[in-house]
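Working notes for the structure below.
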Amino acid sequence: MAKTLVLTFIAGDKPGLVERLSDTVAGQGGNWLESRMVHLAEKFAGLARVEVSDDKAAALKDAVMALESEGFHMTIEEGLAGVAPEGPLLVIDLIGPDHPGIVREISGCLAERGVSVEEMETDIRGAPMGGGLLFYARARVRPPAGLSEDALRDALEALAATLTVDISLRERAQA
């Protein structure tokens, strides 16, 4: 049997961090399945899903936690393998003038309707014309059974008017 582990880490950004972590995982017999990583405020942060046989899981956890002596801050959680989410995957795109509370308002609207946020990316960029800052967000979400795409779209459009942002909702394109 195999265990699925979710590793989260943050470290001061420098070359070789991903190589060091991936080498540790591979050295303990782990298989790197998927990950997300990003450079933020001179830190490098990420999370990875790895798989390892039951008999090697403890050694892998110990080896990964030992990376803290090299400046990594690590968390390891056991995940569930083979649990497929149900429902359609939708994409929300948002753009508008930056101001505090946008993420809170959007996430609150989604939570009230039982919508699961599968992935979210946000950014602030200079407005191309006229100056100022624009807030950008893209989220992949999964509505619960019984919530129509139209009902979710209506709720997001009402919120967009309140926040003075543009929001679009579309089905995720199949790869």
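The values are calculated or read from the model by the stated rules, or taken from the named source; none is laboratory data. Given the structure is predicted, the values throughout are model-derived calculations rather than measurements. Cβ atoms come from the backbone with ideal geometry, glycine included; neighbour counts cover every protein chain shown. Calculation scope for accessible area: heavy atoms of the full protein, side chains included, ligands and nucleic acids excluded. Shrake-Rupley method; radii C 1.70, N 1.55, O 1.52, S 1.80 Å.
Laid out as a table, the results:
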| read-out | value |
| --- | --- |
| Every pair of residues 6+ apart whose Cβ atoms lie under 6 Å, when the first sits in the stretch 94-108 and is assigned to a loop (DSSP other than H, G, I, E, B) while the second is open to solvent by less than 50 Å² (accessible area, probe 1.4 Å) and not polar (S, T, N, Q) | Asp98/Phe135 |
| Residue that is nearest to Leu90 (Cα to Cα) [pool: residues in the stretch 153-175 that are in contact with a helix residue (DSSP H, G or I) (Cβ under 8 Å, 6 or more places away or on another chain) and not in a strand (DSSP E or B)] | Leu156 |
| Pairs, first free of Cβ contacts under 8 Å to residues at least 40 places away in the same chain in the stretch 123-146, second open to solvent by less than 80 Å² (accessible area, probe 1.4 Å) and of a type in the set (Phe, Trp, Tyr), C-beta under 8 Å, six or more apart | Asp123/Phe135; Asp123/Tyr136; Ile124/Phe135; Ile124/Tyr136; Arg125/Tyr136 |
| The stretch 70-87 - residue that is among the small types (Gly, Ala, Ser) and surrounded by 12 or more Cβ atoms within 10 Å (Cβ to Cβ) and, of those, modelled with the lowest pLDDT | Ala81 |
| Residue within the stretch 36-59 that is within 30 Å of Gly146 (Cβ to Cβ) and over 20 Å from the mean Cα position of the chain (by Cα) present | no |
| Where Ser53 falls short, out of the listed (1) under 27 Å from Glu121 (Cα atoms); (2) open to solvent by less than 60 Å² (accessible area, probe 1.4 Å); (3) not hydrophobic (A, V, I, L, M, F, W, C) | (1) |
| Out of Leu40, Leu17, Leu90, Leu94, sole residue that is loosely packed, with under 13 Cβ neighbours inside 10 Å and aliphatic (A, V, I, L, M) | Leu40 |
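This table checks each residue for (1) within 23 Å of the chain's Cα centre (by Cα); (2) charged (D, E, K, R); (3) surrounded by 14 or more Cβ atoms within 10 Å (Cβ to Cβ).
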position	(1), (2), (3)
Gly108	yes, no, no
Glu112	yes, yes, no
Glu119	yes, yes, no
Arg125	yes, yes, no
Gly131	no, no, no
Tyr136	yes, no, yes
Asp150	no, yes, no
Leu156	yes, no, yes
